[in-house]
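So the structure is just underneath, and the comments pick up after that.
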Amino acid sequence: APDTLSALGRDEALLVLGGRRIVLGRRHSEILALLAQHPEGLTGEELAYALYEEESVAAVTLRAEMSRLRAVLGAGVLLSRPYRTAAPLEADFAAVTRHLAAGAVSAALTRYPGPLLPGSSAPGIVRLRRRIEDQARAAVIARADVGLLSDWVCSPWGADDPAVWRALASALPPRDRPAALARVRSLDAELGAGPGPGPGAGRATFPQPARS
């Protein structure tokens, strides 16, 4: 069986490596998510740029973190120059994006328990998380399926998303729209948005960590 990484909807990723189940710390979760996204590998400079908000982080800090990760994973799992895993990781977020690319929106959402490492403020993770969430959200709106739209707005990450609520109201029969329209009006008032539709209106996500 391939080695797998589960990082959606959780702050500490679960790695299944050669049959071992390893719950990773937050920084190690970020590192392996980035390496899973880049099986070709990342240079030390690229990985540091993706991990740290502070541009002045010394290379020795990254090397120390990678040494700690090697100790957790065991010998031969993590390679360097560039940093990469010896064997590709099957990441849950990659499966979601593959389903979305193939138009299998329902299958993608079934495998989407929440945003990627939602508590992470690592720049590379923030970018990847937003990309995946935006792709999923756009696909749900475009499909205009009542079931998919309802699932999205009933989730923790979609409950405050006026654009999806608006799409749900449009997809429902007129007699079933009042509750969805009331939610749209409430969110528009909270967010100070106008009533008109717009793909970027009130973009919802998990609460983002404060950035210093």
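Every read-out reported here was derived from the displayed coordinates using simple, explicitly stated rules and does not represent laboratory data. Everything quoted here is computed from the prediction, not taken from an experiment. Ideal geometry is used to build each Cβ from the backbone, glycine not excepted, and the neighbour counts take in all protein chains shown.
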Taking the range 71-96 and keeping residues among the hydrophobic types (A, V, I, L, M, F, W, C), part of a strand (DSSP E or B) and over 13 Å from Ala33 (Cβ atoms) leaves Leu78, Leu79
Any chance you could count how many residues in the range 163-178 are within 27 Å of the chain's Cα centre (by Cα) and of a type in the set (D, E, K, R)? 1
Among the residues of the range 41-63, is there at least one that is crowded, with 20+ Cβ neighbours inside 10 Å, more than 18 Å from the chain's Cα centre (by Cα) and assigned to a strand (DSSP E or B)? yes
Just one of Leu32, Leu5 is part of a strand (DSSP E or B) and within 13 Å of Phe93 (Cα to Cα); which is it? Leu5
State whether the residues of the range 66-81 include one that is closer than 19 Å to Gly124 by Cβ and either in contact with an Asp or Glu (Cβ under 9 Å, 6 or more places away or on another chain) or β-branched (Val, Ile, Thr) (or both). no
Might you check whether a residue that is buried (at least 21 other Cβ atoms within 10 Å of the Cβ) and in a strand (DSSP E or B) occurs anywhere in the range 122-139? no
Those residues of the range 49-93 which are charged (D, E, K, R) and under 14 Å from Glu30 (Cβ atoms) amount to Glu53, Glu65, Arg68
Please state which of the following conditions Pro113 fails to meet, knowing it meets all the rest: (1) touching a residue at least 40 places away in the same chain (Cβ under 8 Å); (2) assigned to a helix (DSSP H, G or I). (2)
